[in-house]
1. Between B:Ser106 and B:Gln139, what FRET efficiency follows from the Cβ-Cβ distance if R0 is 22 Å, with the result rounded to 0.05?
2. Within chain B, which DSSP H helices have Cα atoms that stretch 15 Å or more along the helix axis and a mean Kyte-Doolittle hydropathy of at least 0.0?
3. If I model a spin label as a point 7 Å beyond the Cα along the Cα-Cβ vector, how far apart are those points for B:Glu191 and A:Gln274 in nm?
4. Could you report the accessible area of B:Asp198 in Å², rounded to 10, computed with a 1.4 Å probe on the protein chains as they sit in the structure?
5. How large is the charge dipole for the protein assembly as shown, taken about the Cα centre, if only the Cβ atoms of Lys, Arg (+1) and Asp, Glu (-1) carry charge, to the nearest 20 debye?
6. Which of the GluC sites (Glu not before Pro) across segment B:182-274 are loop residues per DSSP, with 11 or fewer other Cβ within 10 Å?
7. Which of B:Ala37, B:Ala125, B:Ala179 ends up with the largest GNM mean-square fluctuation for chain B, with Cα atoms connected below 10 Å?
8. Are there GluC sites (Glu not before Pro) in segment A:86-179 that DSSP marks as loop and that have at most 15 other Cβ atoms within 10 Å, and which are they?
Amino acid sequence: MPVPEVTDSFTGSVNRITLGATKENGGTRSSTVAVGGAQNVVYGGSTEDAGEKPVVAMDVLDSKPEDWPDALVKPYKDVLDSPGDWAKMCVEEFGAELICIRFEGIHPDKGDKDASHAVKVTEEVLKAVGVPLILWGCGNDEKDNEVMPKVSGAAKGEKCLIGTIKEDNYKSLTAIALADGHFLISEAPLDINIAKQINILASDMGFPLERIVTFQATGALGYGIEYAYSIQERQRIAALSGDKIMAMPVICDVGYESWRAKEAKLEDAPGWGQVKDRGPMWETATAICLLQAGVDIIRMRHPRAVATVKNFISQIWKG
Amino acid sequence: MLLIAERINGMFTNVKRAIAEKDKKVIQYLAKKQTEAGAAYLDVNVGTAAADQEGTIQWLVETIQETCSTSLCLDSQKPNVIAAGLKAVNAENGVLLNSTPLNKKSDEEILDKFIEMANQAGPKASIIALTMDKNGVPQDIDTRVAIAAEIVSKAIEKGFDTQRLFIDPIVLPVNVPNAQVQPGNILAAMEQIRYLADPAPHMTIGLSNLSQGATERSLINRVFLAMAMSRGLDSAIADVFDTDLMNVVATTEMLMNKQIYSDSYLKVFASTNK
């Protein structure tokens, strides 16, 4: 029996963006990363329809993490208090295509470090690696508004991805990202209507929709992944159907969310297998599941999970 | 919703005068403003005043294309006028041939001619076909559907993609004596026309005709448009400057889950409905 041709074709596509600026483009990056461009759902249509292959961004924290489980600390134990060396290790040893500096240490409850610290970390990482950077605030609006504009300035012209802007806190970061030539991450709490609204708000300030990447919030395997999956899928369908306000590439935070799961880190769990394996497996499963829905940039943490996911991507996104 | 903007039509006084005086500014202004208001196509109709209809449609097309790349909808009952417009049009941008009945007493093959013209114009040329034949405009539901079915099968037979076909079930003024049954008939016909092909053929109407000569024109137009969209109408020749009407289109699309809701959905509709 012949296999019927069921592939839909679409009129729209996901925006294609290039992160990072080399010397010729006014930056100091040695490489750039293109994402987006899909003209069909994952596995749908021809190879060309798939657009750019998804990429892995590895997390580097601005300050030594205090609450990471042993399995996650182990690969980084010598570099955890040196963001530059940490980033270098992720790029050179683990093949990170982007580095995401997560400024957790500026949070009032997690160190309350100031802007000069954040700027120093940014400069250190910019110097240590040549890949494009993602600059991600701590999530406390007041502190992010105080620190992230300075971080943005420290990386001016590097075409970083900076975030996040939210429905009730978007003005200062949008303005500074526009001035400094960065791309923006718009964040919504697993709510596609709010996701669309934030993009409109940023656009109203004159920020080009073509320079936005959306973050719909991520749920790990067993912790709401189905909500994240269906929202990503709906955004992809909207983009393919021509909704220009939802045509952005997508970023998800698999590393942080997966390692919050108790299955990833509980030591005393006979019958669950060794704890050193569970975390990477949880992270891998979460990433690979979300890849099917249509995501473009995946933030990850454990080198083994990164290796497996990169291998999966290279098998599926050929050409 | 694919909106075909109706204002570049010689029936309007300012357009009629612009044609007579070869005043490009009026035409180019209307092209720009209608595009900004959310038009996917600009209807181009020379009206009845111009003596040289072929020359006039070419002048209109060239004038619009000097400053605007929006797709055009060449509007004439005369194939020779459409053919003249096609010579000037940049069909790469998309073009609609508006319109042909199934057949005419004077020309049994008119639909074939339109299909031939569209094919010659290239893959981005589409046709508006009226549910009307040599016996005139049908008043009942069944004849409308039967004519639409014949149009669709003719297209399929000719290898013409039904996605390039817009069926127009012909809207008549509601205030004409005994015409009040027609809007209901049209909606019922639409219910069936949408199933004539898979994917469904496009459907379009000349919306403003419905309220011709009536008071409450905008209200009548927009209520009918919402009703028709729920029956599968996915295009209309309409007044895109009517903000209330555009808000109804945006809201209906949102309620039908064709657009993702956001608090500012009305504001972005015109710029994103392409």
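The values are calculated or read from the model by the stated rules, or taken from the named source; none is laboratory data. Please read all numbers here as calculations on a predicted model, not as lab measurements. In this analysis, Cβ positions are derived from the backbone assuming ideal geometry, glycine residues included, and neighbour counts consider all displayed protein chains. For the accessible areas, the whole protein counts, side chains as well, though only heavy atoms, and no ligand, DNA or RNA atoms are used. Shrake-Rupley method; radii C 1.70, N 1.55, O 1.52, S 1.80 Å.
1. Working: r = 22 Å, r/R0 = 1.00.
Computed FRET efficiency for B:Ser106 and B:Gln139 comes out at 0.50.
2. On the way: long enough: B:24-36 (18 Å, -1.06); B:53-67 (22 Å, -0.49); B:110-121 (17 Å, 0.27); B:141-157 (24 Å, 0.78); B:182-193 (16 Å, 0.19); B:217-229 (18 Å, 1.02); B:243-255 (18 Å, 0.69).
Qualifying helices, which must be both long enough and hydrophobic enough, are B:110-121, B:141-157, B:182-193, B:217-229, B:243-255.
3. Here the answer is 6.7 nm between the modelled labels.
4. 150
5. Numbers: 60 positive and 78 negative charges, 173 e Å.
It works out to roughly 840 debye.
6. Within segment B:182-274, the qualifying GluC sites (Glu not before Pro) (loop, at most 11 other Cβ atoms within 10 Å) are B:Glu216.
7. Of the options given, B:Ala179 has the highest mean-square fluctuation.
8. Details: sites: A:Glu92, A:Glu93, A:Glu97, A:Glu104, A:Glu123, A:Glu124, A:Glu142, A:Glu146, A:Glu158, A:Glu167; in loops: A:Glu93, A:Glu97, A:Glu158, A:Glu167.
Filter output for segment A:86-179: A:Glu93.
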